[in-house]
């Protein structure tokens, strides 16, 4: 799941760039023919972030545990292989998992950490916590939305650019390729890319991870409508929607939807009235799954060559190390 925290005004009438963008995303995604869609960015207000943190601790949701275990096992090897003077992390959030890697890097000399995230408040808290925990670390936060800017301006080189949490899976192939190409422009010869990628596995395991027995993922999914109601003054009736997550084997991806249970009319100030019909749905997130071949092809299309492939025990998750292709 993507964790690129929400940073919008709580004032309905505030003409901020964030609110303008939210209106554009709602207009483009919901006022369309065919499959309606919202970007997963809007899950993550304070409540959504708390719910996601709870999801990562659920028995069914394995990706966070698997990635952390891989980092703990291979952090020294990754630091040795890449020899970075700086580590930039896209969608850094609280940087909890990254501390394992940062400690391994610091053991080899001075390191600069550039956490990149849309939420400046979270970045400030992350920077303060890291400076307390790792006094030798130089922390230089960058506030940016990954949909617009993935540059690591001011980074030292060699640079290790991290994109963890299987967040690459939240983008379909064309969008993922475009994102990787954008990251590629930030890198120089000798720099490396580290990507966390969830792997194809049994459908039951995948669907259970997004349909937990406690209903936390359901609340997380519905939270996107709470955000729209609060930030835009919309009136989505939450009881008219139900969470659904399914694995599409043909596309090798999980899709999360909010199914419309009854006909309803939703008022969205600044746009108009949205007519929703029972039986249709709003797609709120995709989570693509990979194998080594598809990961290699994706990275190559984005301008990278896969050089190292670390895989966890079941349920399988991978850390891919890649270098930019000249």
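General observations
- Residue within the stretch 12-30 that is modelled with pLDDT of 90 or more and under 20 Å from residue 288 (Cβ atoms) present: yes
- Qualifying residue in the stretch 169-184 (condition: on the phi < 0 side of the Ramachandran plot, part of a loop (DSSP other than H, G, I, E, B) and touching a residue at least 60 places away in the same chain (Cβ under 8 Å)): yes
- Residue 147 touching a residue at least 24 places away in the same chain (Cβ under 8 Å), farther than 19 Å from residue 326 by Cβ and out of contact with any strand residue (DSSP E or B) (no Cβ under 6 Å at 6 or more places or on another chain): yes
- Residue in the stretch 228-243 that is touching a strand residue (DSSP E or B) at 6+ places or on another chain (Cβ under 8 Å), in a strand (DSSP E or B), crowded, with 16+ Cβ neighbours inside 10 Å and touching a residue at least 12 places away in the same chain (Cβ under 8 Å) present: yes
- Lone qualifier among 224, 195 - being part of a helix (DSSP H, G or I), touching a residue at least 24 places away in the same chain (Cβ under 8 Å) and in contact with a strand residue (DSSP E or B) (Cβ under 8 Å, 6 or more places away or on another chain): 224
- Condition check for residue 322: assigned to a loop (DSSP other than H, G, I, E, B), touching a strand residue (DSSP E or B) at 6+ places or on another chain (Cβ under 6 Å) and touching a residue at least 12 places away in the same chain (Cβ under 8 Å): no
- Checked against the criterion of being under 30 Å from residue 301 (Cβ atoms) and surrounded by 22 or more Cβ atoms within 10 Å (Cβ to Cβ), the candidates 195, 200 yield just one match: 195.
Conditions (1) out of contact with any strand residue (DSSP E or B) (no Cβ under 6 Å at 6 or more places or on another chain); (2) modelled with pLDDT of 95 or more; (3) surrounded by fewer than 16 Cβ atoms within 10 Å (Cβ to Cβ), marked per residue:
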position: 70; (1), (2), (3): no, yes, no
position: 74; (1), (2), (3): no, yes, no
position: 84; (1), (2), (3): no, yes, no
position: 94; (1), (2), (3): yes, no, no
position: 104; (1), (2), (3): yes, yes, no
position: 124; (1), (2), (3): yes, no, yes
position: 154; (1), (2), (3): yes, no, yes
position: 159; (1), (2), (3): no, yes, no
position: 164; (1), (2), (3): no, yes, no
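- Here the stretch 106-122 is the region considered, the condition is being part of a helix (DSSP H, G or I) and modelled with pLDDT under 95, and the residue that is farthest from residue 320 (Cα to Cα) is 121.
Let's see how each residue does on (1) closer than 28 Å to residue 17 by Cβ; (2) under 19 Å from the mean Cα position of the chain (by Cα):
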position	(1), (2)
225	yes, yes
233	yes, no
257	no, yes
266	yes, no
273	yes, no
281	no, no
290	no, yes
298	no, yes
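- Hits in the stretch 35-48 (condition: over 30 Å from residue 191 (Cβ atoms) and either part of a helix (DSSP H, G or I) or modelled with pLDDT of 95 or more (or both)): 35, 36, 37, 38, 42, 43, 46, 47, 48
- Test: residue in the stretch 266-289 that is surrounded by fewer than 16 Cβ atoms within 10 Å (Cβ to Cβ), out of contact with any strand residue (DSSP E or B) (no Cβ under 9 Å at 6 or more places or on another chain) and in a strand (DSSP E or B): yes
The values are calculated or read from the model by the stated rules, or taken from the named source; none is laboratory data. Note that the structure is predicted; figures quoted are calculated from it, not measured. Every residue, glycine among them, receives a Cβ derived from its backbone with ideal geometry; neighbour counts consider all protein chains shown.
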